[in-house]
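Below is one structure; the comments refer to it alone.
The values are calculated or read from the model by the stated rules, or taken from the named source; none is laboratory data. As the structure is a computational prediction, the values presented were derived from the model and not from experiment. Neighbour counts are summed over all protein chains in view; Cβ atoms, including those assigned to glycine, are modelled from backbone coordinates with ideal geometry. Heads up: the accessible areas ignore ligands, DNA and RNA and are worked out on the full protein's heavy atoms, side chains in. Shrake-Rupley method; radii C 1.70, N 1.55, O 1.52, S 1.80 Å.
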Amino acid sequence: MDGAPASARPLDLPVSYPVYVEREVVRQLPAIIDQVAPAHRYAVISDDQVAHHHGAVLLDALPADRARLFTIPAGEHEKTRERWAQLTDHLLAWGAGRDTTVIAFGGGVIGDLAGFVAATFMRGVAVVQVPTTLLAMVDASVGGKTAVDTAHGKNLVGAFHDPSAVVMDPALLRTLPPADLRSGLAEMIKHGVIADASYFDAVRRGLDDIAVEGANASVFTSLIAGSVRIKAAVVSEDRREDGLRQTLNFGHTIAHAIERVLAYRILHGEAVGIGMVVESRLAERLGVAKPGLTGAVLDALHRAGLPVRVPEGIDPQALVSATKGDKKNRAGAVRYVLPRCIGEMEPAEGRWSVPVRDDDVLDVLRGP
């Protein structure tokens with residue numbers, strides 16, 4: 001790489017690494033990497049679908065004799081310890097050492113998995129996150145959380161490992177299937193609910209343009225940047241998810257349970273949308289939330305074209321049982337992150353999550 005400075009400007013965020021959100025910024029990726037994580041070898045980790053659309057372009061921009069593309073099949077079911085072991089073995093066989101930079105090029109699965117590879121390979125090497133899905137851009141790529149799934153639940157084995165940079169190019173969304181694009185919208189809606197009512201309103205207005213223009217909607221760049229600002233502000237206050245950062249899990253206790261019961265045959269954003277509806281109703285039932293919360297969440301999800309009901313055929317008791325493996329749980333109690341209203345969460349005396357009785361959750365799940 002030629003070392004020329006990138007002309008793109010990172011967002012002004014309270015994190016220790018640069019985050020770029022700009023159309024066509026991926027063309028400047030070699031210069032950005034040269035600035036933040038120069039290395040002897042560059043290991044690009046991607047999935048077969050992303051590699052098909054964009055892999056050759058990225059690989060051609062890196063030194064041919066010092067870069068290699070490692071691909072895995074696409075899908076949440078690939079985010080396993082077995083796949084982590086396979087990738088680290090491939091790096092060792094290639095001769096990669098501590099002077100290696102990992103480039104995570106894909107969606108949230110790749111970001112988590114490649115980030116965990118980087119966090120553990122040679123006790124930690126640099127990683128540059130290049131998210132290619134909307135969900136990964138607004139959620140998974142910022143915050144330094146890396147992990148793999150187990151049979152007991154999602155993201156239960158992992159490490160905190162900050163990237164050297166995050167490079168988000170909304171132009172990459174043009175190859176994203178519509179369902180995956182909608183999946184990412186759920187996390188943007190979530191950010192508005194947990195932290196910023198004005199951003200929530202901006203997302204709701206933007207959804208009308210997105211419904212017509214899809215990934216080409218000009219509003220995407222500003223909305224992605226807004227979402228990233230919210231997430232960065234939260235994670236900078238709570239590096240290791242001991243308090244405030246738990247608010248980012250709104251909707252996720254139920255969402256992760258749905259994913260587990262369905263063996264991940266549902267998109268993450270779809271599950272999160274359903275989870276936000278259930279947990280909003282739960283907040284209103286418990287008197288935590290002001291009236292109207294669920295209606296506002298439902299309106300946004302309907303505009304985004306996301307599902308709002310638990311899929312038919314799922315036993316509510318099975319869903320409640322699946323919540324037992326959630327990371328927020330303490331002393332055997334299932335804890336939920338609950339909003340008071342759009343833009344404000346229940347602090348629960350600094351714990352940011354509250355224990356909820358199974359019977360209350362069952363009543364909400366069995367309700368209208």
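Return the only residue of ALA263, ALA195, ALA225, ALA215 being within 19 Å of VAL337 (Cα to Cα) and of a type in the set (Gly, Ala, Ser).
ALA195
Just a yes or no: is a residue in region 266-279 surrounded by fewer than 23 Cβ atoms within 10 Å (Cβ to Cβ) and either over 21 Å from the mean Cα position of the chain (by Cα) or outside any helix (DSSP H, G or I) (or both)?
There is at least one residue in region 266-279 that is surrounded by fewer than 23 Cβ atoms within 10 Å (Cβ to Cβ) and either over 21 Å from the mean Cα position of the chain (by Cα) or outside any helix (DSSP H, G or I) (or both).
Scan region 87-103 and tell me whether some residue there is open to solvent by 20 Å² or more (accessible area, probe 1.4 Å), at pLDDT 95 or above, in a helix (DSSP H, G or I) and of a type in the set (Asp, Glu).
yes
Among (1) open to solvent by 10 Å² or more (accessible area, probe 1.4 Å); (2) assigned to a helix (DSSP H, G or I), which single condition is GLY158 missing?
Here GLY158 meets the rest and fails (2).
Let me spell it out: the conditions are (1) open to solvent by less than 10 Å² (accessible area, probe 1.4 Å); (2) part of a helix (DSSP H, G or I), and VAL142 meets all of them except one. Which number is the exception?
(2)
Return yes or no: is ARG229 open to solvent by 10 Å² or more (accessible area, probe 1.4 Å), in a loop (DSSP other than H, G, I, E, B) and either closer than 21 Å to GLY143 by Cα or free of Cβ contacts under 8 Å to residues at least 40 places away in the same chain (or both)?
no
Can we say LEU293 is surrounded by fewer than 18 Cβ atoms within 10 Å (Cβ to Cβ), hydrophobic (A, V, I, L, M, F, W, C) and at negative phi? Full working, then the answer.
Working: surrounded by fewer than 18 Cβ atoms within 10 Å (Cβ to Cβ): no; hydrophobic (A, V, I, L, M, F, W, C): yes; at negative phi: yes.
Criteria not met by LEU293.
Identify, please: which residue in region 30-56 is open to solvent by 30 Å² or more (accessible area, probe 1.4 Å), more than 30 Å from ARG260 (Cβ to Cβ) and in contact (Cβ under 8 Å) with a residue 12 or more places away in the chain and is, among those, farthest from the chain's Cα centre (by Cα)?
HIS40
Restricting to region 244-261, what's the tally of residues that are touching a Phe, Trp or Tyr at 6+ places or on another chain (Cβ under 7 Å) and either open to solvent by less than 10 Å² (accessible area, probe 1.4 Å) or closer than 12 Å to LYS154 by Cα (or both)? If you could, list the steps in order and put the result at the bottom.
Of all residues in region 244-261, those touching a Phe, Trp or Tyr at 6+ places or on another chain (Cβ under 7 Å) come to 244, 246-247, 253.
Now narrow it down to the ones that are either open to solvent by less than 10 Å² (accessible area, probe 1.4 Å) or closer than 12 Å to LYS154 by Cα (or both): 247, 253.
The total comes to 2.
Among the residues of region 17-26, are any among the aliphatic types (A, V, I, L, M) and at pLDDT 95 or above?
Yes, region 17-26 contains at least one residue that is among the aliphatic types (A, V, I, L, M) and at pLDDT 95 or above.
Take GLU241 and decide whether it is on the phi > 0 side of the Ramachandran plot and surrounded by fewer than 24 Cβ atoms within 10 Å (Cβ to Cβ). Quick ask: steps written out before the conclusion?
Numbers: on the phi > 0 side of the Ramachandran plot: yes; surrounded by fewer than 24 Cβ atoms within 10 Å (Cβ to Cβ): yes.
Yes, satisfied.
May I ask you to list pairs of residues, at least six apart or on different chains, whose Cβ atoms are under 9 Å apart, with the first in region 161-179 being under 16 Å from SER222 (Cα atoms) and the second being of a type in the set (Lys, Arg) and surrounded by fewer than 21 Cβ atoms within 10 Å (Cβ to Cβ)?
Here the result reads ASP169/ARG23; ASP169/ARG27; PRO170/ARG23; ALA171/ARG23, each pair linking region 161-179 to a residue that is of a type in the set (Lys, Arg) and surrounded by fewer than 21 Cβ atoms within 10 Å (Cβ to Cβ).
Exactly one condition in (1) among the aliphatic types (A, V, I, L, M); (2) modelled with pLDDT under 95; (3) closer than 25 Å to GLU237 by Cβ; (4) not in a loop (DSSP other than H, G, I, E, B) is not met by ALA322; state its number.
All conditions are met except number (3).
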